[in-house]
Amino acid sequence: MLFQIQPMLSKELLPQFGGGASVWSASLFFYQTVLLLGYFYAHFLSRYSLKKQMVIHISLVVLASLISLNKFHVNLDLAPNWSVMANLLNQIGLVFMLLSATSVLMQRWYIERGKNAVPYHWYSVSNLGSLLALISYPLAFEVFFSLPQQKHYWQIGLLTYCILLICLAYKLLGKSSKENNSSLPHVQTILKKPNMLWLILSATSSILLIATTQMISTNIPPMPLVWVVPLAIYLGSFSYTFANKNNYNRSVWGYAFIFSAFAGLIMYFLGSQFNAIAQIIIYSFILLSGCMICHGELRQLAPQGTLLTHFYLYIALGGALGSLFTTLLAPLLFKQITEYIVALAVLLILISYIHLTQIKKINTILLGATALWCGCYLVLYSSFNQYNVASQRNFYGYLTVKDINTADLAQRRLIDGTTVHGSQPLHGQDELTSSYYHQHTGVAKSLAILKSQEKLKMGVVGLGAGVLASLADKHDTVHFYELNPAVYTMANRYFDYLKNSPAKVNVTIGDGRVALLNELKENAPLMNALVIDAFSSDVIPAHLLTQQAFELYWQRLSKNGILIIHISNNHIDLLPVIQAHSTYFDKALIKFKHNSATKLTALGSEWVVLTSNQRFLDAIEISELSPIKPYLNTQLVHWTDQKNSALPLIKF
């Protein structure tokens, strides 16, 4: 129940925040903070008698169930991270806290019923259940059920949970009235001083979890599958190490992590060069080795008896501190996802420290590997950032402006994540010869044909460096819609396209779909071309490609307007989604594909155009078009706001 709702609600929030990967990071911070509150609640509740614990807990669970997934809207003017958390608190806050206390309370009740040892293997079983719930979401629930259906089934599960809890209480309290049970002595102090390694190990695994998810989401679209895999590894390592104390072998996993740390360096700087499956596999192994060390050492340090709830409470506190650092502090401290490197470095130091304190011996291999790793990082960092002019990071991602000045290339580039989002020559040559928008691309050819027939009244969802403004003439108008204010700052400060365009150029900061909807309500003049080019790095805002989004596009376009979509993506094949929409809306679909001779001087691209404008279609030479392969299973790729999954579209 606890882990099935996480990807469900976070996916529902994606459209409200531009489909960015940081929605999941903020969600994880919320979930881990509320988990901490749940563990504190369980710890505090354990001060009372067994009967009082059950009456209080069941009463609160029933109350929370009645108000879970409520329809009250939160309209607070908050920063995106805090807005995500406010929405989640509103929908699921209380019941999530109570559900998170279940495993700890069950173990406490078990040892209070008699002189039983702490059943840490129950914690393993609990995490295994969470793992199964997580895996089932992207593989089954997301693919086959809409969001309202998913919520309905979850609420049925919540009702079942309440019934089972009441039955358990009835059975235990019935026995309690007949038996003279010997419960554990109640703890008089609310908190005891923790073993600091409890906090450090838990916080480090949390930082590594969230940072790994962010690294994957830089190149692969933020979707439940990408979220679930790292979290499943995190939970699976908990389940495995806590199932049996002997499951963890310190030496094996220590040396495995040395290899992983170097692999992490390669992925940090060159991860975009691997395909989606390779990235997920490599990142997963790195995360697994790190989590096995953190959670294996936690199991070695686990106490017995009355310190049970203290232990779980401090584990949760460490997790919350780790997510706090990664979600809120790291974007302020680092221009890139440097917290990933921090997590790897801290783990290398922790391994050496544990070997020194537990085995009482200096491991020269570990120390040498750590020193070599640090040296490699400094060399790679210097090499990959030598051309940087400016960098900025916020909720929506991280941007870099690079002046690449070599014998083969003299170019200023705007890079969003790992993808070039516009370039400009440093020495005044034709600015469109080496970008996604040069004269051989689908967008340039389409706009050239439309300009020859009528004046351009063009909207562009996604600003980039503003290169498309240079394709318009003095009688044309271009209206950009840009979600990330940092992109607009970079485009204005470091590039000349917006300033030098002969056309009338306007820029609206905010989600493109929301801005277009507001224009529709205000009866703004219709456009004759709309370009959708809002995919940061290889991230896909799915809400811009749903049936409801396309309905809005056609309402904002004139009868003969053309819809141009940039579908270049290394990991997801978006064409089947566009095909499904072209059939549904009865629009002609054409595709332009340009293959670059070299990625250094020119960039390959794929553009598609949907339109009913026959005059426009007749003006296109057939030889310029790329063939379109039909996709038969349209049910899986007909995206709507309530049901969409990129899983069937992954490129292998």
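The values are calculated or read from the model by the stated rules, or taken from the named source; none is laboratory data. In this text, all values refer to a predicted model and were calculated from it rather than measured experimentally. FYI the Cβ positions are ideal-geometry reconstructions off the backbone, even for glycines, and counts take in every protein chain you see. These area figures cover heavy atoms from the full protein model, side chains too; ligands, DNA and RNA do not enter into them. Shrake-Rupley method; radii C 1.70, N 1.55, O 1.52, S 1.80 Å.
Determine the distance separating the Cα centre of the range 265-322 from the Cα centre of the range 510-579; give it in Å without decimals.
The two parts, judged by their Cα centres, are 39 Å apart.
Taking a quarter of the surface of the Cα convex hull of the chain, what do you get in nm²?
With the hull built on Cα positions only, its mean projection is 30.6 nm².
Helix 224-243 sits at what angle to the longest principal axis of the chain, using alpha carbons and giving 0 to 90 degrees rounded to 10?
So the inclination is approximately 20 degrees.
Select from T218, S289, A276 the residue farthest towards the positive end of the dipole of the range 216-370; place +1 on Cβ of Lys and Arg, -1 on Cβ of Asp and Glu, and compute about the Cα centre.
The one lying farthest along the dipole's positive direction is S289.
Above 23 angstrom, tally the Cα pairs of the range 374-521 and express them as a % of all pairs, no decimals. Please list the in-between numbers first.
Working: 4441 of 10878 pairs.
Roughly 41 percent, once rounded to a whole number.
In the chain, carbon and sulfur make up what percent of the accessible area (probe 1.4 Å)?
The C+S portion of the solvent-accessible surface of the chain is 61 percent.
Determine the order of L301, L552 by accessible area, beginning with the largest, at a probe radius of 1.4 Å.
Descending order: L301, L552.
Please give the contour-minus-distance gain from V125 to T357: 0.36 nm per residue of separation, less the Cα-Cα distance, rounded to one decimal in nm. Let's see the in-between values first.
On the way: separation 232, 0.36 × 232 = 83.52 nm, distance 3.09 nm.
Going from the current span to full extension adds 80.4 nm.
Can you sort R47, R412 by solvent-accessible area, 1.4 Å probe, largest first?
Values: R47 85, R412 50 Å².
The most accessible residue leads, giving R47, R412.
How large is the accessible surface per residue of the chain, computed with a 1.4 Å probe and reported in Å² as a whole number?
Numbers: 27110 Å² over 652 residues.
Here the residues of the chain average 42 Å² of exposed surface.
Given a Förster distance of 41 angstrom, what is the FRET efficiency for Q392 paired with A588, based on the Cβ-Cβ distance and rounded to 0.05?
Rounded to the nearest 0.05, the efficiency is 0.55.
Using heavy-atom solvent-accessible surface (probe 1.4 Å) with all chains present, what is the largest-first order of Y481, Y255?
Putting Y481, Y255 in descending order of accessible area: Y255, Y481.
Roughly how many debye, to the nearest 20, is the charge dipole of the chain about its Cα centre, given +1 on each Lys and Arg Cβ, -1 on each Asp and Glu Cβ, and no other charges?
Once rounded to the nearest 20, the dipole reads 2100 debye.
From the mean inverse distance of alpha carbon pairs (Kirkwood) and the Cα radius of gyration, derive Rg over Rh for the range 112-157.
1.23
For Y481, what residues show an amide H to amide H distance below 5 Å, using hydrogens built from the backbone and excluding near sequence neighbours?
V460, V461, G462, T508
So between F144 and N249, what do we pick up on full extension, going 0.36 nm a residue minus the alpha carbon distance?
Working it through step by step, the gained length comes to 33.8 nm.
Between the range 354-431 and the range 28-44, what is the C-alpha centre distance in whole Å?
Using only Cα atoms to place each centre, the spacing works out to 36 Å.
So, taking all protein chains as they sit and a 1.4 Å probe, how much accessible area belongs to I281, in Å² rounded to tens?
The value for I281 is about 110 Å².
What do you get for the angle between helix 339-358 and the principal long axis of the chain? Use alpha-carbon atoms, 0 to 90 degrees, nearest ten.
30 degrees
Kindly write out, for the range 637-646 in residue order, the coupling ³J(HN,Hα) from the Karplus curve 6.51 cos²θ - 1.76 cosθ + 1.60 (θ = phi - 60°), rounded to whole Hz, with x marking Gly and Pro.
Per-residue couplings from phi come out as 10, 7, 6, 10, 4, 8, 8, 7, 8, 8 Hz.
How many percent of all Cα-Cα pairs in the range 263-391 sit more than 17 Å apart?
For the range 263-391, the share of Cα pairs beyond 17 Å comes to 70 percent.
For the range 80-128, what value does the Rg/Rh ratio take when both radii are computed over Cα atoms and Rh is the Kirkwood radius, given to two decimals?
In the range 80-128, Rg relative to Rh is 1.21.
Using a simple spin-label model with points 7 Å from Cα along the Cα→Cβ vector, what separation in nm is obtained for L520 and Q16?
Using points 7 Å along Cα→Cβ, the separation is 2.0 nm.
Using only Cα atoms, what is the ratio of the radius of gyration of the range 32-165 to 2.2 N^0.38 Å? Don't jump to the answer; show the numbers that get you there.
Values: Rg = 16.6 Å, N = 134, 2.2 N^0.38 = 14.1 Å.
Against the compact-globule rule of thumb, the ratio is 1.18.
Using the Karplus equation 6.51 cos²θ - 1.76 cosθ + 1.60 (θ = phi - 60°), what ³J(HN,Hα) coupling, rounded to whole Hz, does each residue of the range 322-331 give in order, writing x for Gly and Pro?
x, 5, 4, 4, 6, 7, 9, 7, 4, x
Provide the FRET efficiency to the nearest 0.05 for the K455-D403 pair, computing r from the beta carbons and using R0 = 41 Å.
0.70
Work out from phi, with θ = phi - 60° and the Karplus expression 6.51 cos²θ - 1.76 cosθ + 1.60, the ³J(HN,Hα) of each residue of the range 370-376, listed in order in whole Hz, and give x for Gly and Pro.
5, 5, 5, 4, 4, x, 4
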